[in-house]
Amino acid sequence: MILSLWVLLLTVCLWAQPSSTNKTEKAAIRRAKNLIVSSFDRSLPNVSLEFFLKNEGEGAQIKWEVNDCGEQNGSLATNDRRDPPMCVEAEFEAKNRTAVTVLVSVGTVNRPSDVPALVRVTITESGTSRSVRHLGALPAELHRPPPRLPRDLPVPVGAVSPVPNDGERSQKIC
């Protein structure tokens, strides 16, 4: 009875301990949130990535997660004797159901980078994704007006009008 109680207590204690992978991921996310955006694009102010994205997303909730920069299957498992890359992905939905994804490389699982790098910025609207070349272009891309379709041009003088006029079947050349 006492032995089974000790086993149960030990199991609960071990289960409650956060794993080192979880600690590594939390540290990577914290680091990415605190990156200064002007280090990616000098045209941007000296504010954190988290502040910048909250501002551009107009308060939208940002989902932060760690991944392998799209290199493997999404797992940070290191059982293949490699040191896989580690990226932090920030994703939020802006107005008009526009999804924004920012991917930042923060080194590898075993060695954080001294100089994090912006991997990509993607905007998805109506199921269509497009890349934004620089983080500094994100504000203009998010707040730009929707594309306006061109209006029909006037019919040139001397051309045949495709629309009948005043009951006529077709318009004659002037």
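The table below lists the values:
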read-out: Inter-residue pairs, beta-carbon under 6 Å, first under 19 Å from Ala28 (Cα atoms) and in the range 80-99, second in a loop (DSSP other than H, G, I, E, B) and of a type in the set (A, V, I, L, M), 6+ apart; value: Asp83/Val109; Pro84/Val109; Met86/Val109; Ala90/Ile62; Phe92/Ala60; Phe92/Ile62
read-out: Where a residue in the range 127-141 is touching a residue at least 60 places away in the same chain (Cβ under 8 Å) and its partner, wherever it lies, is charged (D, E, K, R) and surrounded by 10 or more Cβ atoms within 10 Å (Cβ to Cβ), with Cβ under 6 Å and at least six apart; value: His134/Asp41; Leu135/Asp41; Gly136/Asp41; Leu138/Glu56; Pro139/Glu56
read-out: Which numbered condition Glu141 fails, given (1) surrounded by 15 or more Cβ atoms within 10 Å (Cβ to Cβ); (2) over 20 Å from Phe51 (Cβ atoms); (3) modelled with pLDDT under 90; value: (2)
read-out: Condition check for Phe92: surrounded by 18 or more Cβ atoms within 10 Å (Cβ to Cβ), at pLDDT 90 or above and closer than 27 Å to Asp114 by Cβ; value: no
read-out: Residue satisfying condition, being in contact with an Asp or Glu (Cβ under 8 Å, 6 or more places away or on another chain), at pLDDT below 85 and among the basic types (Lys, Arg), within set Arg97, Arg151, Arg82; value: Arg97
read-out: Hits in the range 95-125 - residues which are open to solvent by 70 Å² or more (accessible area, probe 1.4 Å) and over 23 Å from His143 (Cα atoms); value: Asn110, Arg111, Pro112, Asp114, Val115
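Residue-by-condition table, conditions (1) touching a strand residue (DSSP E or B) at 6+ places or on another chain (Cβ under 8 Å); (2) part of a strand (DSSP E or B); (3) over 30 Å from Asp83 (Cα atoms):
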position	(1), (2), (3)
Glu93	yes, yes, yes
Ala99	yes, yes, yes
Ser105	yes, yes, no
Val115	no, yes, no
Ile123	yes, yes, no
Gly136	no, no, yes
Pro139	no, no, yes
Leu142	yes, no, yes
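The values are calculated or read from the model by the stated rules, or taken from the named source; none is laboratory data. Just so it is clear, the structure is predicted and the values come from calculations on it, not from any experiment. For neighbour counting, all protein chains shown are included, and Cβ atoms are generated from backbone atoms with ideal geometry for every residue, glycine included. Surface areas here come from the heavy atoms of the whole protein model, side chains and all, with no ligands, DNA or RNA. Shrake-Rupley method; radii C 1.70, N 1.55, O 1.52, S 1.80 Å.
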